Amino acid sequence: MAEDQGYVALTEGVYYILLALHSPLHGYGIMQWVREVTNERVNLAPGTLYGALNNLLERGWIRAADHSGDKTRKEYCITQEGKQALMEEIRRLEELVQNGRRIMGGMN
Amino acid sequence: MRRSIIKLFMDYEKEEKWLNSLSAKGLQLVHYSFPRYVFDEGEPGEYIYRIQLLENLPTHAESQAYIRFLEDLGVEMVGSYVRWAYFRKKAADGPFELYSDLESRIRHYSQICLMIGVVGGINLVVGITNLINLGTPIAWLNVLAAGLAAIPFTFYGRRMLKLKRSQQIYE
């Protein structure tokens, strides 16, 4: 979608899916990885994950991995566009945190 | 042992609760053909059940791809009725939800409302047209169906709006 130019906040799910796909993974692998790195805080549900993956594929931020050993399970990986979107988001999040810390003071 | 129960639900979330309460008692849904539920006696609480309105019929290629995706995650489809699909997953694998964010839950409700709206709308138009043009009393059945459709349309719509309000604050 081109109409969301300038609107850069990613959903938490999309953010972690993109991070997970720095190495090729299938659906189950993504869910496991995200659960692990967030200490089980983020549990992507299958319907949400499936919708997000299709959306990201359409947008060209991820693609099907060239060769996945297991043919029945589709593997995905991040594209250059996806990496760019992720970097922009990391910068945005840094700004949020910096401003938050500056106003609210150090965290005890 | 197999057991079958005939039951009608207007609210799929109540239906889900009912299936899960039977699962807790050891009755596991293995088949559904409207309006008959078929259960196998098994381990109490072995499965968690979830119901979803698919975007297409279960036989459609896109639904098939989705169902295969779910199978890879240990989710099994035990039955369907038109676009409604009945899924289950072993409770030992942990919690089982189909959606984990507001956006996808809102989307699901909006698809349900759209489907009910179309069915209700067609019945209303057909009913009124036949009443005016043919004066057939049976056309009142269409009007009645449209009236019935208004009930779930309203409660699903309310749930959707509630989530939309949350979405103004939360993701």
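The values are calculated or read from the model by the stated rules, or taken from the named source; none is laboratory data. Note that the coordinates shown come from a computational prediction; the quantities given were computed from them, not determined experimentally. Every residue, glycine as well, gets a Cβ built from its backbone with ideal geometry; the counts of neighbours run over all protein chains shown.
One table, with the values for the structure above:
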{"read-out": "Filter result for B:GLU76 (more than 9 Å from chain A (Cβ to nearest Cβ) and in a loop (DSSP other than H, G, I, E, B))", "value": "no"}
{"read-out": "Enumeration of residues in the range A:78-108 that are of a type in the set (Gly, Ala, Ser) and surrounded by 13 or more Cβ atoms within 10 Å (Cβ to Cβ)", "value": "A:GLY82, A:ALA85"}
{"read-out": "Pairs where the first residue, in the range B:88-113, is within 11 Å of chain A (Cβ to nearest Cβ) and the second is assigned to a loop (DSSP other than H, G, I, E, B) and among the hydrophobic types (A, V, I, L, M, F, W, C), C-beta under 7 Å, 6+ apart", "value": "B:LYS89/B:PHE96; B:GLU97/A:ALA45; B:LEU98/A:ALA45; B:TYR99/A:ALA45; B:SER100/A:LEU44; B:SER100/A:ALA45"}
{"read-out": "For B:GLY127: the one exception among (1) within 14 Å of chain A (Cβ to nearest Cβ); (2) of a type in the set (Gly, Ala, Ser); (3) over 27 Å from B:ARG165 (Cα atoms)", "value": "(1)"}
{"read-out": "Within the range B:114-162, tally of residues that are aromatic (Phe, Trp, Tyr) and not in a helix (DSSP H, G or I)", "value": "0"}
{"read-out": "Residues of the range B:138-157 that turn out to be modelled with pLDDT of 95 or more and farther than 10 Å from B:ASN123 by Cβ, as a count", "value": "8"}
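This table checks each residue for (1) in contact (Cβ under 8 Å) with a residue 12 or more places away in the chain; (2) within 24 Å of B:CYS113 (Cα to Cα); (3) not in a strand (DSSP E or B); (4) not assigned by TED's automatic domain parsing to the domain that holds B:GLY79.
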site: B:VAL30; (1), (2), (3), (4): yes, no, no, no
site: B:TYR37; (1), (2), (3), (4): yes, no, no, no
site: B:ASP40; (1), (2), (3), (4): yes, no, no, no
site: B:ILE48; (1), (2), (3), (4): yes, no, no, no
site: B:GLN52; (1), (2), (3), (4): yes, yes, no, no
site: B:PRO58; (1), (2), (3), (4): yes, yes, yes, no
site: B:GLU62; (1), (2), (3), (4): no, yes, yes, no
